[in-house]
Amino acid sequence: KQEQTANRLSNYRLLTSVAGFTIAVFLYLKVSQVLAFVMGVLTLGGFLYLAIHHRLVRRQLRYSEIIIELNEKGIQRLQGDWGNFPDLGEEFEDEKHPYAHDLDLFGQGSFFQWINSAHTPLGRISLSQIFKNPPQNPDSILVRQEAISELGESLGWRQRFEAESIKASHQFQKVESFLQWAQEREEAYLKPVLKVAVTILPLVTTIMIALYFIGEAVPWYIPLLLIGVHILLLQLYKKERLIALATVYKHEASLQTYTNLLRQIEKKKFHSAELRRLQKSLRDRDGKPAYQQIAKLSKIVERISNRENAMFIFFNILFLWDYHCMIALEEWKNKSGDLLKNWLEVLGDFEELASLANISFENP
């Protein structure tokens with residue numbers, strides 16, 4: 001049904017654009033320019049509505065396809081036909097480890113290939129570490145078994161959780177530099193005088209430019225001088241600023257996925273002590289959920305994406321946009337930067353436990 005709806009909407013989009021454009025041209029040539037304009041606006045509005053609806057249907061269709069793939073993957077595991085699973089965990093192989101090589105923990109036909117349903121970088125690392133360094137304390141083992149048993153029974157939640165990360169699995173980046181960025185501080189961007197300056201200066205410059213073009217109310221060199229000040233400011237510590245912006249921008253796509261995954265953890269009611277402990281740790285110092293803070297960071301990073309626009313250089317010069325982005329990022333880091341590593345590690349712990357829960361569910 002979703003495939004049929006998606007195809008139907010695609011045809012509707014094509015029909016709307018062709019028919020609407022044809023009618024608009026006819027009205028322009030034969031009837032009225034005003035009616036042609038109205039028809040053009042209606043056509044554009046209808047096309048945009050259909051495009052947005054089509055995108056939502058395609059997204060739901062992709063989600064359904066992933067859920068089907070996960071169930072097929074579970075059947076393949078049960079039938080012993082999992083040798084073609086793509087993630088082998090080969091980068092975790094360690095021939096110096098006492099038993100990793102002998103027991104085929106990683107590589108083709110390995111435990112990792114059989115069990116793994118983790119897709120974030122830290123989730124895959126967490127699963128590899130539990131293979132290499134399993135808990136030795138009996139109490140810890142029992143607590144983990146209780147958590148795995150609960151997740152094993154939560155099939156729907158586990159599949160929705162994994163499906164969310166699969167949608168962006170090809171977009172995940174190594175997080176070491178990202179976590180290091182979160183720990184670093186550029187205190188200069190938090191100083192009130194800078195925040196006021198980069199807010200007032202573009203406003204004054206814009207007013208001066210407007211006054212010059214409106215009857216030359218001010219001399220030409222005043223707005224030009226102010227633009228020169230903007231350019232000079234953007235050259236100060238430009239290299240360091242670009243490195244910081246590029247570091248966080250690499251994770252734009254994965255940040256939204258992290259938000260969705262953390263939200264799923266937050267909204268689920270867990271019963272085992274270990275899962276509740278992990279869930280409780282996903283808070284900031286004010287007790288707000290981690291997913292809300294990651295969502296804030298994601299919105300800030302969306303502003304950085306404007307840099308790819310061809311007109312951005314002029315926009316940046318006029319509004320000192322790089323400074324506004326840096327100030328917002330530093331304010332976020334000042335509040336949540338120290339917690340980011342823990343949040344992503346806890347997310348990885350959930351992926352690790354969910355991977356083991358696959359086997360718990362399939363082999364009761």
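With protein chains left intact and a 1.4 Å probe, residues in the stretch 275-364 average 45 Å² of accessible area per residue.
By accessible area, using a 1.4 Å probe on protein heavy atoms only, the stretch 281-332 has 56% of its surface on carbon and sulfur.
Straight-line cross-link partners of LYS1 among the aspartates and glutamates, defined as a Cα under 17 Å from its Cα and at least 8 positions apart when in the same chain: GLU65.
Adding -39500 (n - 2.57) for every DSSP H run of four residues or longer, then dividing by how many residues the chain holds, sets the calculated 222 nm ellipticity at -23500 deg cm²/dmol. For the chain, modelled as a GNM whose springs connect Cα atoms under 10 angstrom apart, the maximal fluctuation among LEU278, LEU42, LEU29 occurs at LEU29. Pairs over the 18 Å Cα-Cα cut-off, from the set LYS288/LYS341; LYS238/LYS335; LYS174/LYS239; LYS195/LYS288; LYS174/LYS250: LYS238/LYS335; LYS174/LYS239; LYS195/LYS288. Computed over neighbours whose Cβ is under 12 Å from that of GLU3, the net charge equals +3, Lys and Arg +1, Asp and Glu -1. With the full set of protein chains in place, find how many percent of the accessible area of the stretch 148-225 is carbon and sulfur; take the probe as 1.4 Å. Carbon and sulfur together cover 65 percent of it. Neighbours of GLU274, meaning other residues whose beta-carbon lies under 12 angstrom from its beta-carbon, give a summed charge of -1 when Lys and Arg score +1 and Asp and Glu score -1.
Between ARG55, ARG283, ARG263, which gets the highest mean-square fluctuation from a Gaussian network model of the chain, Cα cutoff 10 Å? Per the Cα network of the chain with a 10 Å cutoff, ARG55 tops the list. Comparing PHE312, PHE111, PHE270 in a Gaussian network model of the chain, where Cα atoms under 10 Å apart are tied by springs, the biggest mean-square fluctuation is seen for PHE312. Value of Rg to Rh for the stretch 74-228, rounded to two decimals, is 1.32; Kirkwood radius and Rg both from alpha-carbon coordinates. Comparing HIS119, PHE92, TRP82 along the charge dipole axis of the stretch 39-138, the residue lying farthest to the positive side is HIS119, per the Cβ-charge model. Span-like helix check, the chain: qualifying full DSSP H segments, with Cα axial length of 27 Å or more and mean Kyte-Doolittle of 1.6 or more, are 192-213.
The structure shown yields volume of the Cα convex hull per residue in Å³, and of the options (i) 204; (ii) 176; (iii) 191 that calculated value carries the label (i).
Accessible surface for the stretch 1-81, divided over its residues, is 74 Å² per residue with a 1.4 Å probe. Using equal-weight Cα scatterers in the Debye expression, the normalised intensity of the stretch 139-287 in log10 at q = 0.17 Å⁻¹ is -1.09. Between LYS250 and LEU211, the FRET efficiency estimated from the beta carbon spacing at R0 = 35 angstrom works out to 0.25. Annotation: per residue accessible area for the stretch 111-249 equals 56 Å², rounded to a whole number [probe 1.4 Å, protein chains only]. For LYS96, neighbours were defined as the other residues whose beta-carbon sits under 14 Å from its Cβ, and their charges (Lys and Arg +1, Asp and Glu -1) total -3.
The values are calculated or read from the model by the stated rules, or taken from the named source; none is laboratory data. Keep in mind that what you see is a predicted model, and the values were worked out from it rather than measured. Glycine also receives a Cβ, built like all others from the backbone with ideal geometry; neighbour counts cover every protein chain displayed. The protein model used for the area step is the full one, side chains on, heavy atoms only, and it has no ligands, DNA or RNA in it. Shrake-Rupley method; radii C 1.70, N 1.55, O 1.52, S 1.80 Å.
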